[in-house]
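Enquirer: Handing you a structure now.
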Amino acid sequence: MNIPRVKLAHLPTKIEELPRLTAALGGPQIFCKRDDQTGLGFGGNKTRKLEFLLAEALNWGVKTLITTGAIQSNHCRQTAALAARMGLDCIVVLSGEEPLKKSGNLYLDSLFGAEIIWTTSDKREEVLLETFNIAKESGRNPYLIPYGASNALGMQGYVEAIKEITEQNIIADWIVVASSSGGTQAGMVLGSLLHGFQGKVLGISVDQPANDLQKIVLDLVHDGAEKLGLDLEIPPELVLVNDDYLGGGYAVMGAPEIEAIRLFSRMEGLLLDPVYTGRAAAGLIGLIRHGFFSKQERVLFWHTGGTPVLFAEPYLSMLQ
Ligand SMILES: *Cc1c(COP(=O)(O)O)cnc(C)c1O
């Protein structure tokens, strides 16, 4: 079954070899999938997911995109850019405290013309729904994009991304990727089954215990398969999650993330972000040091974006 999609991402994204990083770590051969370069206001993994959600929204004649995230949400920034590009209104419900001066993604949200509603992380879903209802009642024809764009539609972006890498003829024993709302990893797991990708997908959890995230990802794999009209039995052991690198919790950049960001910058001229890819790379580095991969293996580090957060505090000061 073909699910409608609006093609606007810059695809296929490049796969680059990282020889200096590989040598510095003395471990497996490392490659990088550059989904930080998908387009839409600095790019990132949400662009692939939004292609599918946008198709449904346009089909419904929607006028306003509404979504939610943390104060430095990459997902909200990419949604805001998408709305601007399509001539739609955008409302983002952000958790955090409104700062005196906007920076990073928050600054970009405003630049793209998004309306911002402030809340706290525990009230996020409630305020999101309230915002949606108000917009609906005032005739703004809203479309609700879930947190992280992770649902049966959004995850299809990563089913397609796996098809893309099989067409790029990459032989990877592992994909290592930051995993949070689970849609990216779920798409990769389903995509591997559907498109015969033989490598394993290892999600480095960014903010929750492995058991919780595993369940979220598995549910999304099932939902995504159903959307495709498939009745698949998904073995839970296909969903590999590592939660050893949660550090101080969500969006708290610690020594491992700082080391990873510096190492990628200095070895490869490649920028990571403080929240997601910095943590996933810290996981990759930690696992290599523990001998998790053999030297002969090939690891595809999947860059999911997030780099505008390098310009937001407290990260900016901590990295200087
Ligand atoms: C949202 C995001 C992720 C996590 O993707 P999920 O599909 O939510 O698991 C990883 N990296 C970056 C940069 C992100 O913005």
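Enquirer: Report the gain in length on full extension from Ser110 to Glu137: 0.36 nm times residue separation, minus Cα-Cα distance, nm rounded to one decimal.
Expert: Fully extending the segment from Ser110 to Glu137 adds 7.3 nm.
Enquirer: Using alpha-carbon positions, what is the distance between the centroids of the stretch 248-301 and the stretch 121-145, in Å?
Expert: Cα centroid to Cα centroid, the span is 36 Å.
Enquirer: To make sure I understand the rule: partners must be lysines, Cα under 22 Å from the Cα of Lys7, and not fewer than 8 residues away in the same chain. Which ones qualify?
Expert: Partners found: Lys33, Lys46, Lys49, Lys63, Lys163, Lys227.
Enquirer: Sticking with this structure for a sec: Please list, by residue number, every one of the chymotrypsin sites (Phe, Trp or Tyr not before Pro) in the stretch 8-88 that is coil in DSSP and has at most 15 other beta-carbon atoms within 10 Å.
Expert: Trp60
Enquirer: Given the DSSP H assignment, sum -39500 (n - 2.57) over each helix run of at least 4 residues in the chain and divide by its residue total; what's the result at 222 nm in deg cm²/dmol, nearest 500?
Expert: About -12500 deg cm²/dmol.
Enquirer: For the chain, calculate the relative contact order in percent as a whole number, restricting contacts to Cα pairs under 8 Å that are 6 or more residues apart.
Expert: This gives 22 percent for the chain.
Enquirer: Still on this structure, please answer the following. Arranged by the count of other C-beta atoms within 10 angstrom, fewest first, what order do Asp122, Asp223, Asp207 take?
Expert: Asp122, Asp223, Asp207
Enquirer: From the Cα gyration tensor of the stretch 125-213, with a ≥ b ≥ c the square roots of its eigenvalues, which class applies: rounded if a/c is under 1.5, or else prolate if a/b is larger than b/c, or else oblate?
Expert: It comes out oblate by the Cα gyration axes.
Enquirer: May I pose another question? Grab the Cα-Cα distance for Glu56 and Ile170, subtract it from 0.36 nm times how many residues apart they are, and report the gain in nm with one decimal.
Expert: Between Glu56 and Ile170, full extension yields an extra 37.9 nm.
Enquirer: Can you list which of the trypsin sites (Lys or Arg not before Pro) found in the stretch 223-320 are DSSP loop residues with at most 12 other C-beta atoms within 10 Å?
Expert: Lys295
Enquirer: Among Val252, Val176, which comes first, then next, by fewest other beta-carbon atoms within 10 Å?
Expert: Result, fewest neighbours first: Val252, Val176.
Enquirer: At 7 Å along the Cα-to-beta-carbon direction for both Arg20 and Lys7, put a label point, then send me their distance in nm to one decimal.
Expert: Rounded to a tenth, the inter-label distance reads 3.6 nm.
Enquirer: Over the chain, with a Gaussian network built from C-alpha contacts below 10 Å, which listed residue (Val62, Val309, Val299) shows the highest mean-square fluctuation?
Expert: Comparing Val62, Val309, Val299 in a Gaussian network model of the chain, the most mobile one is Val62.
Enquirer: Work out, step by step, the length gained on full extension between Glu233 and Glu126: first 0.36 nm times the residue separation, then minus their alpha carbon distance; give nm to one decimal.
Expert: 35.2 nm
Enquirer: Sort out the exposed loop GluC sites (Glu not before Pro) in the chain (DSSP loop, at most 11 other Cβ within 10 Å) and tell me the longest stretch that has none.
Expert: Between the exposed loop sites, the longest stretch runs 98-232.
Enquirer: Turning to a different aspect of this structure: Quick check for me: using +1 on Lys/Arg Cβ and -1 on Asp/Glu Cβ, what's the dipole size of the stretch 243-314 about its Cα centre, in debye to the nearest 20?
Expert: Roughly 260 debye, rounded to the nearest 20.
Enquirer: While we're looking at this one, here's another question. Between helix 277-289 and the chain, what is the angle of the helix's C-alpha long axis to the longest principal axis, kept within 0 to 90° and rounded to the nearest 10?
Expert: 20
Enquirer: Taking Rh as the Kirkwood radius, which is the inverse of the mean 1/r over Cα pairs, what is the Rg/Rh value for the stretch 269-320?
Expert: 1.06
Enquirer: What list of whole percents do you get for P(r) of the chain, with Cα-Cα distances grouped in 10 Å bins up to the one holding the largest distance?
Expert: 6, 28, 37, 23, 6, 1
Enquirer: Give me Thr131, Thr79, Thr68 sorted ascending by neighbouring Cβ count inside 10 Å, so fewest comes first.
Expert: Thr131, Thr68, Thr79
Enquirer: Oh, and also: Between helix 210-227 and the chain, what is the angle of the helix's C-alpha long axis to the longest principal axis, kept within 0 to 90° and rounded to the nearest 10?
Expert: Tilt of helix 210-227: around 60 degrees.
Enquirer: Within 10 Å of each candidate Cβ there may be at most 11 other Cβ atoms; applying that plus a DSSP loop requirement, which trypsin sites (Lys or Arg not before Pro) in the stretch 92-143 survive?
Expert: Passing sites in the stretch 92-143 are Lys101.
Enquirer: Considering the chain as a Gaussian network with a 10 Å cut-off on Cα pairs, which listed residue, Gly61, Gly96, Gly305, attains the greatest mean-square fluctuation?
Expert: Gly61
Quick note: the coordinates plus some simple rules give every number you see, no bench work behind them. Here the structure is a predicted model, which means the values were calculated and not measured. All Cβ positions, glycine included, derive from the backbone under ideal geometry; neighbour counts span all protein chains shown.
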